[in-house]
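No lab work stands behind these numbers, since they all come straight from the coordinates. What you see is a predicted model; the values in this text were computed from it and never measured. As a convention, Cβ positions derive from the backbone with ideal geometry for all residues, glycine included, and neighbour counts pool all protein chains shown.
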Amino acid sequence: MAEAIEASRAARRRSAPNPWVGCVIVAADGTVVGRGATEPPGGRHAEAVALAEAGERAGGATAYVTLEPCSHEGRTPPCADALSAAGVVRVVAALADPDPLVAGAGLAGLERAGVETSLGVGGEAAEALLEPYLVHRRSGRPYVVLKLAATLDGRIAAPDGSSRWVTGEQARRDVHELRADSDAVLVGAGTVRADDPELTVRLATAPERQPLRVVLGRSSPEARVQPALELSGDLRGVLDLLGRRGVLQLLVEGGSKVAGDFHRLGLVDRYVVYLAPALLGGDDGVALFAGPGAPTMEAAFRGRLSGVRRLGDDVRIDLVPARGAASSRRIAAPPSVADGSRLG
Ligand SMILES: NC(=O)c1ccc[n+]([C@@H]2O[C@H](COP(=O)([O-])OP(=O)(O)OC[C@H]3O[C@@H](n4cnc5c(N)ncnc54)[C@H](OP(=O)(O)O)[C@@H]3O)[C@@H](O)[C@H]2O)c1
């Protein structure tokens with residue numbers, strides 16, 4: 001399963017709105033006879049890639065997959081049928097697929113066809129890797145990553161509004177990796193006016209595609225962020241719309257007002273804060289979050305620290321809400337996907 005999870009990483013930036021899945025097929029004598037990862041939309045699923053490599057050696061083999069095989073006819077035939085037709089006798093899946101078109105039907109179909117199944121091996125690691133997909137299919141909305149770069153005293157811009165550059169080169173490169181992992185990047189119109197960002201992936205190691213650029217409010221015709229989708233109104237509605245467009249991960253890059261709104265509505269699944277060893281030394285710079293905060297220390301938001309990493313002179317801190325908090329605060333929306341769920 002560890003090898004299947006590793007294989008799935010290769011598909012991380014190319015499979016949306018489909019999940020990035022890995023599959024390893026192991027013959028009865030223990031040899032690996034096939035490996036696969038999800039191809040770009042329209043291409044084959046991981047199981048089909050691994051089965052093609054295994055050929056006749058799939059007979060009597062065990063297939064390890066990071067996500068329950070699909071059971072419905074999309075642009076590609078159901079993987080559950082392909083596995084049983086190839087003579088695979090056992091399927092080990094790390095995670096059940098929450099997509100309503102699958103939701104247990106893949107494993108049930110395999111059992112009916114006489115294939116032994118088991119669920120949960122490597123589940124935690126697979127869940128961590130597939131989280132944007134899982135959140136999207138459970139809630140209908142993208143997995144929201146809020147990124148902010150601040151001085152050590154919590155300011156994202158100086159009193160004159162300037163924020164270039166709070167952090168150094170390595171942290172900025174890391175932001176481009178975050179963008180490359182995201183299907184859409186969003187900023188408020190205030191940030192477009194202050195910073196005129198391009199919001200493109202330029203420094204990432206494998207920029208396989210450019211994320212959809214989204215501005216809250218009106219951008220200007222002269223802004224560098226063209227062409228971008230301009231959205232306005234209730235943020236939950238904005239997320240529902242992006243979810244229907246197949247955005248699995250949304251990177252929110254500020255500024256202060258937008259960050260405060262997403263935070264207070266409990267819409268953030270992961271906070272990524274880059275802290276620079278700099279101090280503005282007053283209270284007149286732009287704070288991480290605009291608007292009223294928690295009135296008492298007891299009411300402060302407390303997340304779970306999920307990572308601390310040094311990047312040159314800066315520090316990246318990842319914070320996630322206590323398990324399930326962001327998703328549970330959401331209004332349950334049917335996970336409808338405009339592009340079709342897990343369509344190949
Ligand atoms: N260090 C960092 O990581 C970082 C990142 C980004 C920005 N910044 C800094 O943050 C500052 C900008 O922050 P800010 O708070 O002024 O602006 P902002 O949060 O980027 O944008 C706020 C504006 O966006 C529009 N908007 C937001 N939500 C909307 C919604 N739901 N519907 C319609 N329009 C919506 C409104 O535009 P209108 O006013 O046009 O109605 C609003 O005034 C700048 O100084 C920038 O340099 C720093």
Legend entry - Choice from 78, 197, 132 with maximal GNM fluctuation in the chain (Cα, 10 Å cutoff): 197
Legend entry - Under 5 Å, built H, 5+ apart or other chain: amide partners of residue 212: 184, 185
Legend entry - Farthest toward positive dipole pole in the chain [+1 Lys/Arg, -1 Asp/Glu at C-beta], among 154, 170, 129: 154
Legend entry - Sequence-separation-based contact order of segment 140-328, relative, with Cα cut under 8 Å and 6+ spacing, percent: 33
Legend entry - In order through segment 17-25: 3J(HN,Hα) via Karplus (6.51 cos²θ - 1.76 cosθ + 1.60), integer Hz, x for Gly, Pro: x, 7, x, 8, 10, x, 9, 10, 10
Legend entry - Electrostatic dipole magnitude of segment 143-210 [Cβ: Lys, Arg +1; Asp, Glu -1; Cα centre; debye, to 20]: 60
Inset, instruction - Averaging sequence separations of C-alpha pairs under 8 Å and six or more residues apart, then dividing by the length of segment 118-221, give the relative contact order as a whole percent. - result: 20
Legend entry - Additional length obtainable on full extension of the chain from residue 300 to residue 200, 0.36 nm per residue less Cα span: 32.6 nm
Inset, instruction - Only Cα pairs under 8 Å and at least 6 apart count here; give the relative contact order of segment 1-102 as a rounded whole percent. - result: 24
Legend entry - Packing rank of 302-309, 45-52, where each peptide gets the mean count of other beta carbons within 10 Å, highest leading: 45-52, 302-309
Inset, instruction - Pop a pseudo-label 7 angstrom from the Cα along the beta-carbon direction at both residue 28 and residue 318 and give the gap in nm to one decimal. - result: 4.2
Inset, instruction - Starting with the highest mean, order 11-22, 231-242 by the number of other Cβ atoms within 10 Å, averaged over the residues of each peptide. - result: 11-22, 231-242
Inset, instruction - Please give the length that would be gained between residue 138 and residue 232 if that part of the chain were fully extended, namely 0.36 nm times their separation in residues minus their C-alpha to C-alpha distance (nm, one decimal). - result: 31.4 nm
Inset, instruction - Could you size up the charge dipole of segment 2-134 around its Cα centre, putting +1 on the beta carbon of Lys and Arg and -1 on that of Asp and Glu, and report it in debye to the nearest 20? - result: 340
Legend entry - Virtual spin-label span in nm between residue 278 and residue 3, 7 Å along Cα→Cβ: 4.8
Inset, instruction - For the chain, just run the numbers: alpha carbon Rg, then divide by 2.2 N^0.38 Å, N being how many residues it has. - result: 1.08
Inset, instruction - Note down, for segment 2-134, the three equivalent ellipsoid semi-axes (square root of 5 times each alpha carbon gyration tensor eigenvalue), biggest first, whole angstrom. - result: 20, 16, 14
